[in-house]
Amino acid sequence: MKKIEAFIRPEKLNKTKDALEKQGFDCISVSDIQGHGHQKGVSEVFRGKKYMVDLLPKMKIEIILADKDVDKVVEIIAGVSKTGSIGDGKIFVYDVVNAYRIRTGEQGEIAI
Ligand SMILES: Nc1ncnc2c1ncn2[C@@H]1O[C@H](COP(=O)(O)OP(=O)(O)OP(=O)(O)O)[C@@H](O)[C@H]1O
Ligand SMILES: [Mg+2]
């Protein structure tokens, strides 16, 4: 099992969620976060406006999934989020040790 943590532009969230659901990836966690990449202190365009700020609003998406699905989900998220401009975001992949579905007591991949 793996965890995908993706930092994306807020305006890409709905399209990303729709694309994931269409491919059968229903379970997702989303948080509003602030962050910056390598252009700290350099202006970035957000919703049509140029900002000279330290931290910019981004969305963090977390998805736990089977190893075999990682490439597909990375492709979906990157496909929706790429504009080619700085600040498009990043995707990180982590190993997941176990998963538990609280209601049933199931564990492992079946509990994802
Ligand atoms: N190494 C990192 N650790 C934690 N969060 C990160 C890291 N890199 C990026 N992020 C998060 O991802 C968001 C988007 O990063 P961003 O796309 O600007 O990365 P970048 O490396 O500067 O790439 P680009 O040059 O395309 O802008 C950041 O605002 C931050 O929230
Ligand atoms: Mg950047």
Search result, residues across the stretch 41-89 that are at pLDDT 95 or above, open to solvent by 40 Å² or more (accessible area, probe 1.4 Å) and within 15 Å of ligand 1 (Cβ to nearest atom): Lys60, Glu62, Val74, Ala78, Lys82, Thr83, Gly84, Gly89
Of all residues in the stretch 16-37 being under 17 Å from Pro57 (Cα atoms) and touching a residue at least 40 places away in the same chain (Cβ under 8 Å), the one that is most open to solvent (accessible area, probe 1.4 Å): Gly37
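The values are calculated or read from the model by the stated rules, or taken from the named source; none is laboratory data. Everything numeric here is computed off the predicted structure, so don't read it as measured data. Every residue, glycine among them, receives a Cβ derived from its backbone with ideal geometry; neighbour counts consider all protein chains shown. Ligands, DNA and RNA are excluded from the accessible area calculation, which covers all protein heavy atoms including side chains. Shrake-Rupley method; radii C 1.70, N 1.55, O 1.52, S 1.80 Å.
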